1. When the residues of region 117-154 are filtered to those that are of a type in the set (Ser, Thr, Tyr) and surrounded by 14 or more Cβ atoms within 10 Å (Cβ to Cβ), which remaining residue is nearest to Leu75 (Cα to Cα)?
2. Out of everything in region 228-284 that is touching a Lys or Arg at 6+ places or on another chain (Cβ under 8 Å) and among the aromatic types (Phe, Trp, Tyr), what residue ends up being nearest to Met214 (Cα to Cα)?
3. Hey, among the residues in region 114-164 that are of a type in the set (Phe, Trp, Tyr) and in a helix (DSSP H, G or I), which one's nearest to Asp236 (Cα to Cα)?
4. Please verify whether region 164-175 includes one or more residues that are in the same structural domain as Asn247 (by TED's automatic domain parsing), touching a Pro at 6+ places or on another chain (Cβ under 6 Å) and farther than 30 Å from Glu243 by Cβ.
5. Of everything in region 243-259 that's at pLDDT 95 or above and among the hydrophobic types (A, V, I, L, M, F, W, C), which residue is nearest to Thr182 (Cα to Cα)?
6. Note down all Cβ pairs under 6 Å where the first residue falls in region 3-14 and is touching a residue at least 24 places away in the same chain (Cβ under 8 Å), the second is among the polar types (S, T, N, Q), and they're at least six residues apart or on different chains.
7. Output the residue which, of all residues in region 226-257 that are more than 24 Å from Ser43 (Cβ to Cβ) and among the small types (Gly, Ala, Ser), is nearest to the chain's Cα centre (by Cα).
8. Looking only at region 133-172, filter to residues that are at pLDDT 95 or above and among the charged types (D, E, K, R); which one of those is nearest to Ala227 (Cα to Cα)?
Amino acid sequence: MFGDMPIFVDYDSSDVWVNRHIFELDDKGKPYVVTGVPPDYFSTTGQRWGNPQYRWQVMEEEGFHWWQDRIRTQLKYFDLIRIDHFRGFEAYWEIPAEHTDATGGHWVKAPGDKLFTSLQMTFSELPLVAEDLGMITPEVMALRDKYRLPGMKILQFAFDGGPTNPYLPHNHDPHTVVYTGTHDNDTTLGWYTSLPEGTRRYVNDYLGTLHETMPWPLIRCALASVARMAIIPMQDILGLGSEDRMNIPGTTEGNWGWRFKWEQMPAGIIERLRHYTQLYGRAG
């Protein structure tokens, strides 16, 4: 089982109310700085998530016991855990709580190296995958690589910037997890149909799309990658368009409600997936 764990926790969570001293809260228990990310390709005003920030110094003084307990609890349910927003362990975007968007925030260094040293001493091999997307710096990559954490390669990000684009399959490293797209992306069919004509021709040329329609050429591309693990969203397996997108970052309406119906399952889909996983050596 592959779990997914956000780096931050909700203000209304039991974690915050039981452990107030490790969160940036005032004497009334209210956050005075909150989490988010700066403006990027998803949003011109950034994203104000609103979670309370950690008091990293207090966590460090306590030997990062809260993080050790958190990982230990997750491992009761999952064999492998993806940590969302991994770059926040190197530096995080701190926003004054009274601000309504993320533009007034700033970067603050985090003690990620000390944290992962502690986790490695506790768990030996770390069963973690780093969500290393967004504004990734050499320092973030160095932290990921020091602890041998697999990163993520998103194929929908691969087709701009030319042949050196790190998301193109010929640039993949085996110690990664490849996705056609994630919950924050459009479905592959929706992404493909919205591309400019020139980019679509480049995608077709690279993938050699001769006898299959999207999203299957990109699914095959993911399975053929040297990445050790390949993840295909259910919407892509079902061949669904933008109307079935899971989430649009930076928006608060209409997200996270998608469910599939069994009658949407195409005939022969199990056999098709079995064939491709065997074809590309992923059948175990």
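1. Looking at residues that are of a type in the set (Ser, Thr, Tyr) and surrounded by 14 or more Cβ atoms within 10 Å (Cβ to Cβ), I get Thr122.
2. The qualifying residue nearest to Met214 (Cα to Cα) is Tyr276.
3. Looking at residues that are of a type in the set (Phe, Trp, Tyr) and in a helix (DSSP H, G or I), I get Phe157.
4. As a first pass, look at region 164-175 and keep what is in the same structural domain as Asn247 (by TED's automatic domain parsing): 164-175.
Going one step further and asking which of them are touching a Pro at 6+ places or on another chain (Cβ under 6 Å), we end up with 175.
Next, from what is left, pick out any that are farther than 30 Å from Glu243 by Cβ: 175.
Yes, some residue in region 164-175 is in the same structural domain as Asn247 (by TED's automatic domain parsing), touching a Pro at 6+ places or on another chain (Cβ under 6 Å) and farther than 30 Å from Glu243 by Cβ.
5. Filtering first and then ranking leaves Met246.
6. Pairs found: Gly3/Gln74; Met5/Gln74; Phe8/Thr35; Phe8/Asn51.
7. By that ranking, first place goes to Ala230.
8. Lys153
The values are calculated or read from the model by the stated rules, or taken from the named source; none is laboratory data. Quick caveat, the model's predicted, so the values are computed rather than measured. Note that we place each Cβ from the backbone using ideal geometry, even for glycine, and neighbour counts take in every protein chain shown.
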